[in-house]
Number of protein chains: 2
Amino acid sequence: MDDTDRRLLALLQEDATRSYAALGQAVGLSAAATHERVRKLREQGVIRRTAAEVDPAAVGKGVLAFVLVDATSWMGDSGAELAALPEIEEAHVVAGSASVLVKVRTSTTERLQDVLRGLYGIDGVSGTRATVVLDTLFERPVTP
Amino acid sequence: MDDTDRRLLALLQEDATRSYAALGQAVGLSAAATHERVRKLREQGVIRRTAAEVDPAAVGKGVLAFVLVDATSWMGDSGAELAALPEIEEAHVVAGSASVLVKVRTSTTERLQDVLRGLYGIDGVSGTRATVVLDTLFERPVTP
DNA sequence: GCCGCCGGTCGGTGTCATCCACGCCGGGTT
DNA sequence: AACCCGGCGTGGATGACACCGACCGGCGGC
């Protein structure tokens, strides 16, 4: 993982459709060498996958909220139950006053309420504190 | 935006390296027709971009935290100042007891502290409440 | 019923991903 | 110092694929 790899990662994060030739030119390498480095980055798991990034609003997910979930028991193993709610985009075990923090994206606030109801249905959940997002200033990839 | 488009989006979200031929076969369309639909989805902005997803841990970003930022003035226009902290991955204006919620990824907790210090340097910021992530259960794309 | 349009299939072409053989360079060994 | 060896890069070949244009069928509006 040298500096060239980091530059490749940065380029691929903003646009993974670039050809290896263009990519190589940007970092001063041949297309073949570039291909080889990217292949290794994939193999090592540094690049998890290459995916299309979809605009949530365009697929009817206009409501975003972060929900702190309080629980009376350990919830580190409830990943599957949380994943069963398809509107939950991320779930993290956190330190602090809550047990779990989830990021929820729904079409409407009514649907958000349904998700909160779903959360209460999970064993051990004793409360939720939702923070509704009014406007997203920016979202960007990690800077390597 | 019909059901075929939604299926294409789902497929491209899990792996955008698939060929149009394979993609078309999965939804029962020719490669050319698939190409055309994807082109339109891009043009309309439904697909924002296609990007490589990098494992944060592999690039030395092992610490994740969500920080609620309290402020004494309106912060909806402070996007640029927040974006100047490169460790901030997302920034949202929120309803509730705080003004802004940011997602921060750093190498160490010391660097997290530096980011918090940076936040206090922004005009109007009067406090921060950080919630540190212990374990990420899952992160997944929006379900169209 | 006719016309125009949207969305599809089919076929061709230039580009690109991908593989292979070879060469360069630096570190460790004798 | 000379040698060897492994990793990394280059150049070229080839087969697949993205991309484009021509054509066609169904559907809705006049």
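The values are calculated or read from the model by the stated rules, or taken from the named source; none is laboratory data. This one's a predicted model, so the numbers in the text were calculated from it and none came from an experiment. So basically every Cβ, Gly included, is an ideal-geometry build from the backbone, and we count neighbours across all protein chains shown. Accessible surface areas use protein heavy atoms only, side chains included; no ligands, DNA or RNA. Shrake-Rupley method; radii C 1.70, N 1.55, O 1.52, S 1.80 Å.
Per atom type, region A:8-103 shows carbon and sulfur on 53% of its accessible surface, probed at 1.4 Å. Scalar couplings 3J(HN,Hα) for region A:133-138, obtained by applying the Karplus form with A = 6.51, B = -1.76, C = 1.60 to θ = phi - 60°, are 7, 8, 7, 8, 6, 6 Hz; x denotes Gly and Pro.
Kindly provide the Kirkwood hydrodynamic radius of chain B in Å, to one decimal, from all pairs of distinct alpha carbon atoms. Walk me through the numbers before you get to the answer.
Numbers: mean 1/r = 0.0558 Å⁻¹.
It works out to 17.9 Å.
Scanning residues 5 or more positions from A:PHE138 or on other chains, those with amide H under 5 Å from its amide H are B:ALA91, with H placed 1.01 Å from N in the peptide plane.
Close amide H partners of B:ASP70, meaning residues 5 or more places away or on another chain with modelled amide H under 5 Å apart, are B:SER99, B:SER126, B:GLY127, B:THR128, B:ARG129. For the peptide A:67-74, the mean number of other protein chain Cβ atoms found within 10 angstrom of a residue's Cβ is 0.
Averaging Cα coordinates gives a centre for region A:87-118 and one for region B:54-123; these two points are 20 Å apart.
Whole-Hz Karplus values for region A:100-117 come out as 9, 10, 10, 9, 10, 10, 10, 6, 9, 5, 4, 5, 4, 4, 4, 5, 4, 4 Hz, taken residue by residue from phi with 6.51 cos²θ - 1.76 cosθ + 1.60 and θ = phi - 60°; glycine and proline positions read x. Peptide B:38-50 shows a mean partner chain C-beta count of 4 within 10 Å per residue C-beta. Relative to the longest principal axis of the Cα atoms of chain A, the long axis of helix A:31-44 lies at roughly 30 degrees.
Amide H contacts of B:ARG49: A:GLU53, each under 5 Å away and 5 or more positions distant or on a separate chain (H built 1.01 Å from N in the peptide plane; Pro and chain starts excluded). Measuring spread by the Cα atoms of the protein assembly as shown yields a radius of gyration and Dmax of 20.0, 58 Å. With θ taken as phi - 60° and the Karplus curve 6.51 cos²θ - 1.76 cosθ + 1.60 applied, the whole-hertz 3J(HN,Hα) list for region A:76-83 is x, 9, 9, x, 4, 5, 5, 5 Hz, x standing for glycine and proline.
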